[in-house]
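The values are calculated or read from the model by the stated rules, or taken from the named source; none is laboratory data. Note that the structure is a prediction, hence the values are computed from the model and not measured. Because the Cβ atoms are built from the backbone with ideal geometry, glycine has one as well, and the counts that use them run over all protein chains shown. Each accessible area value is taken on the protein alone, full model and side chains, heavy atoms only, with ligands, DNA and RNA left out. Shrake-Rupley method; radii C 1.70, N 1.55, O 1.52, S 1.80 Å.
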Amino acid sequence: MRYDVVIAGAGPVGLLLACELCQAGSAVLVLEQAASPDSPLKRLPFGLRGLNAPTLEALDRRGLLDAVAAGQVLKPEKGPPPPGTAHWLSQPRKLGGHFAGIPFALDNVDSGRWPWRLPSPVGTQMAVELQALEAVLAERAQALGAVILRGAGVQSVRMGADEVQVEAGGQAFRGRWLVGCDGGRSTVRKQCGFSFAGTDPEFTGHSLSVELEDPTVLSPGRHTTAQGMCNFNPPGTIALADFDGGAGHRQPLDRESAQALLRRISGREATITALHLATTWTDGARQATAYRRGRVLLAGDAAHVHSPLGGQGLNLGLGDAMNLGWKLVAVVRGEAADALLDTYQAERHPIGARVLEWSRAQVALMRPSAGSRALAAIVADLAETRDGATYLAERVWGVGQQLDLGHTHPLVGRSTPDFLLVDGRRMGELLRAGQAVLLVFDAAASLCEEVDVERAGILSIAQPAIDSLGLSALLVRPDGIVAWASDGAEVAGLARAVQEWTGSAGREAIA
Ligand SMILES: Cc1cc2nc3c(=O)[nH]c(=O)nc-3n(C[C@H](O)[C@H](O)[C@H](O)COP(=O)(O)OP(=O)(O)OC[C@H]3O[C@@H](n4cnc5c(N)ncnc54)[C@H](O)[C@@H]3O)c2cc1C
């Protein structure tokens, strides 16, 4: 059988992409190297992952948020208070997040800077266990018809003009398209000759699960030390950053060597009585220079790697899947030209590059040097200011993300506001079928456009919203990104927006 799309890797990104494709009826095969979805590295404490606003919105827009939230590790922060209210003044002081371990306070964040973020039940942060998240996504993907083959790691790839041939687990598979979601050491990326450019590691990160003779020897929390960084979460979860240029990455540790490392980095005479688990990671930051080569695409860690500082990689990868999913569906169905897939790279590569820079900047603040300590003290002062906290929140929560779609309106390229219609439905709910949505708030708005919305697969709804932000109409892509918006009498340009967004060869639905 030839699949529409073969996905390498049943990590969170491959699984969300499978959901997106299968929801629209594509035939999808997911090939996964690991025989079992269970791993201690995906379970707590090592499997703790922070989700940001774009991810939570994406999950809401596919009806997956409740299932993910049911397994959340910590209570999520509610979204920022509605713009224009003094709500933040009455909040007790809570942490909004951090940058290189420098915290910013929630009550210092000015959410009025993001007037397009309407009040919504969808928050800006949630902590989940990676394994639980994958389980929710795998269950949905399979319910929608995805075939997931575990213990079938991709070994080789042959790219043809009409299809891609993949050898995995000793068997051969064929797909019209192949997407490498096979993580930072992606075989698909290497096999298909993608170049992966960036910077080498400055440190090795160690995550340890240990028993300590006397846990009070270490101070809980995150500390920059003369040798690196030590983050202690009692009773026995420890993260260390050793500025060794990455030499310690993937080097096995036993109890003695782990203890020596801990003593050296923390500067404390801690004694490890038992070592349960040890794993390493680095701050190497690399990004594929292209996300597409012919019929092969990359998403998630396969397309970009960076240090996990500040928890952005998973969010970045899930954003890739949302962006790529509906485009691949349109191409598979013959509704859009292949060129539409090039907009995936054009839109997502700059977002990825920005995250890599964010992680590099954090490393610069963490270096065990006098200069970095001085710089960190200045950033800490700035984080205490309202402007500073708001800037950090915007980047950490992902609420300022905007794709470059031409900016014909300030909302274009942004995640859609979660409009509440007068009949009680929210924008997030309207997107659940994976369809584009045209909302016409103003009954007087005459779109006089040559777009057959029904044939273009657009759900069209004419109804006022509780707060329409002064818009008369708005077109939202299946991934929840605003493609076109109009306020007042200015309602032209819808046809052009649909055409640009579907690819220039376009759908026949556009007259
Ligand atoms: C300590 C740590 C903490 C982190 N915290 C956060 C956080 O709080 N927030 C955040 O956003 N990100 C965080 N990240 C990053 C995040 O975990 C990754 O960015 C995310 O898991 C990437 O998802 P993925 O699906 O692209 O790749 P992966 O999760 O790596 O999944 C890839 C899958 O492909 C499979 N595979 C590998 N090779 C093959 C092959 N040849 N054929 C088939 N399958 C293959 C693998 O077995 C795996 O199942 C953290 C990372 C670490 C290490």
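Of note:
- For the stretch 285-333, the equivalent ellipsoid derived from the alpha-carbon gyration tensor has semi-axes of 23, 13, 5 Å in decreasing order.
- For the chain, a simple Cβ point-charge model (Lys and Arg +1, Asp and Glu -1, everything else neutral) yields a dipole of about 780 debye relative to the Cα centre.
- Gained length - D452 relative to A492, 0.36 nm times residue gap less alpha-carbon distance: 12.9 nm
- Surface exposure of the chain, expressed per residue as accessible area with a 1.4 Å probe, stands at 41 Å².
- Convex hull projection area averaged over all views, the chain, Cα basis, nm²: 23.9 nm²
- Inter-label distance, A370 to R2: 6.7 nm, where each label sits 7 Å from its Cα along the C-beta direction.
- Computed per residue of the chain from DSSP H runs no shorter than four, each worth -39500 (n - 2.57), the mean residue ellipticity at 222 nm is -8500 deg cm²/dmol.
- Its Cα centre serving as origin, the stretch 403-511 has a Cβ charge dipole (Lys and Arg +1, Asp and Glu -1) of approximately 240 debye.
- Unit charges at the beta carbon, dipole of the chain: most positive-side option, C181, A143, P368: P368
- Rounded to 10°, Cα long-axis angle of helix 12-23 versus longest principal axis of the chain: 20 degrees
- A197-A444 FRET efficiency (beta carbon distance; Förster radius 35 Å; 0.05 resolution): 0.10
- Over all Cα atoms in the stretch 204-282, the spread is summed up by Rg and Dmax: 11.0, 31 Å.
- In the stretch 222-379, a dipole from Cβ-located charges (positive for Lys and Arg, negative for Asp and Glu) runs towards its positive end, and of A258, V329, L341 it is A258 whose Cα lies farthest in that direction.
- Quick note on the stretch 403-511: its Rg to Rh ratio, both from C-alpha atoms and Rh being the Kirkwood radius, is 0.92.
- If the chain linking L277 and E211 were pulled fully straight, counting 0.36 nm for each residue of separation and taking away their Cα-Cα distance, it would gain 22.7 nm.
- When the chain is described by a simple charge dipole with +1 on each Lys and Arg Cβ and -1 on each Asp and Glu Cβ, the residue from F99, L64, V396 located farthest towards its positive end is F99.
- Between the stretch 363-415 and the stretch 8-44, the alpha-carbon center distance in angstrom: 32 Å
- Portion, in percent, of the accessible area of the stretch 403-511 that falls on carbon or sulfur, probe 1.4 Å: 51 percent
- Degrees between helix 130-143 axis and first principal axis of the chain (Cα, 0 to 90, nearest 10): 30 degrees
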